[in-house]
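Okay, structure first, notes after.
Nothing in this text is a laboratory measurement; each read-out follows from the coordinates by a stated rule. For clarity, every value in this text was computed on a predicted model and none was experimentally measured. In this analysis, Cβ positions are derived from the backbone assuming ideal geometry, glycine residues included, and neighbour counts consider all displayed protein chains.
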Amino acid sequence: MHRFFCKEIGEPGNSVELDTRDQRHLFKTLRARPGDEVELANGRGTVAIARIDGNNALLIKNREDFPPPAVKIHLFVSPPRRQKMDQLLRQCAETGVWKLVPILTARSVSQPEDSVLERWDAVLLEACKQAKNPYHPEVQPLQPFAKAVASCKNMDIYFGAPQGTWPPRRMPEAKPLSDIAWFVGPEGGFSPDEESALIAAGAQALRIGPWVMRVETAAICGAALLLCCIQKQKETE
């Protein structure tokens with residue numbers, strides 16, 4: 001069943017409207033007909049099934065509200081160049097990253113302008129549709145490294161580094177409404193001063209594999225492994 005983004009999803013029996021582009025795709029490209037059903041998602045946890053009536057209106061048949069994850073992964077990453085960044089965005093949606101914050105570090109090779117945020121958001125939206133992820137990850141404008149670290153005062157902080165350990169010496173907490181910050185530097189890694197700043201903020205260095213990883217690989221592998229740690233903790237409680 002095809003999934004479409006719909007900003008506002010009402011109660012069963014109410015009608016909803018897609019934007020012009022999706023409306024055209026549904027009726028012109030997919031050739032949908034009265035009686036067909038489609039899946040709708042608002043990116044904030046609500047998913048619904050809608051049926052097309054005789055006037056080509058979409059009527060909500062049923063809806064389900066998914067609770068947000070108890071533990072949210074905030075990915076702070078020095079963004080790779082365009083094609084690799086698009087890959088990273090898609091994998092964030094597939095993995096379940098809650099928020100993505102591009103950071104400017106001493107060795108960053110890419111400094112995207114705020115104008116790219118709309119395109120990044122569109123990539124995330126399409127990836128959420130394919131992954132059936134009911135929550136659309138938030139993507140923020142580029143932040144200086146120091147500002148990003150300062151924003152993590154109430155989070156468990158981890159960062160990727162060759163001298164790090166695995167598994168974590170201090171496991172991420174599985175308590176409800178907790179947040180994890182996962183920092184990934186550029187291809188050259190964080191500078192010594194940046195690593196010192198992270199450690200001073202209470203961060204733990206992690207080595208998530210035996211070999212050197214690209215930024216987009218390390219970002220997603222680390223996020224997935226931290227989520228697995230949380231799941232294991234839940235299972236043992």
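For the range 3-65, what is the relative contact order in percent, using Cα pairs closer than 8 Å and at least 6 residues apart in sequence?
Rounded, it is 39 percent for the range 3-65.
Fewest Cβ neighbours within 10 Å first, please rank SER78, SER196 accordingly.
Going from sparsest to densest Cβ surroundings: SER196, SER78.
Above 14 angstrom, tally the Cα pairs of the range 3-65 and express them as a % of all pairs, no decimals.
Here the tail beyond 14 Å accounts for 50 percent of pairs.
Quick one: order ASP53, ASP114 by neighbouring beta-carbon count within 10 Å, fewest to most.
By the 10 Å Cβ count, ascending: ASP114, ASP53.
Mind listing the long-range amide H neighbours of SER178? Cut-off is under 5 Å, sequence gap 5 or more, other chains count too, H placed in the peptide plane at 1.01 Å from N.
Correct list: LYS72.
Which aspartates and glutamates, if any, have their Cα less than 15 Å from the Cα of LYS61, not counting same-chain residues under 8 positions apart?
LYS61 reaches GLU8, GLU11, GLU17, ASP36, GLU37, GLU39, ASP53.
Quick one: what are the phi-derived ³J(HN,Hα) couplings along the range 19-28, Karplus 6.51/-1.76/1.60 with θ = phi - 60°, whole Hz, x for glycine and proline?
Using θ = phi - 60°, the values come out as 6, 4, 5, 5, 4, 5, 5, 5, 8, 8 Hz.
Which shape class applies to the chain: rounded if a/c is under 1.5, otherwise prolate when a/b exceeds b/c and oblate if not, where a ≥ b ≥ c are the square roots of the Cα gyration tensor eigenvalues?
Cα axes put the chain in the prolate bin.
Once you sort the root eigenvalues of the Cα gyration tensor of the range 128-169 as a ≥ b ≥ c, which label holds: rounded (a/c under 1.5), prolate (a/b larger than b/c) or oblate (the other case)?
Here the range 128-169 falls in the oblate category.
Residue by residue through the range 134-140, what is 3J(HN,Hα) from phi via Karplus (6.51 cos²θ - 1.76 cosθ + 1.60, θ = phi - 60°)? Round to whole Hz and write x for glycine and proline.
Coupling constants for the range 134-140: x, 10, 7, x, 7, 10, 9 Hz.
Counting only helical runs of four or more DSSP H residues, what would the 222 nm mean residue ellipticity of the chain come to if each run contributes -39,500 (n - 2.57) and the total is spread over all its residues?
Mean residue ellipticity, 222 nm, calculated: -9500 deg cm²/dmol.
Quick one: angle between helix 82-95 and the longest Cα principal axis of the chain, in degrees between 0 and 90, rounded to 10, please.
The angle comes out at about 80 degrees.
With θ set to phi - 60°, apply the Karplus curve 6.51 cos²θ - 1.76 cosθ + 1.60 along the range 63-71 and write out the HN-Hα couplings as whole Hz, x wherever there is a Gly or Pro.
9, 9, 10, 8, x, x, x, 5, 10
For the charge dipole of the range 3-65, defined by +1 on Lys and Arg C-beta atoms and -1 on Asp and Glu C-beta atoms about the Cα centroid, which residue among GLN23, THR46, CYS6 has the Cα displaced farthest towards the positive pole?
GLN23
Does anyone have the angle between helix 215-236 and the longest principal axis of the chain? Alpha-carbon axes, 0 to 90°, nearest 10?
80
Which percent of Cα pairs goes in each bin when the distances of the range 30-87 are cut into 5 angstrom slices starting at zero?
4, 15, 15, 12, 11, 12, 11, 11, 7, 1, 0
Output the relative contact order of the chain, whole-number percent, from Cα pairs under 8 angstrom with separation of 6+ residues.
20
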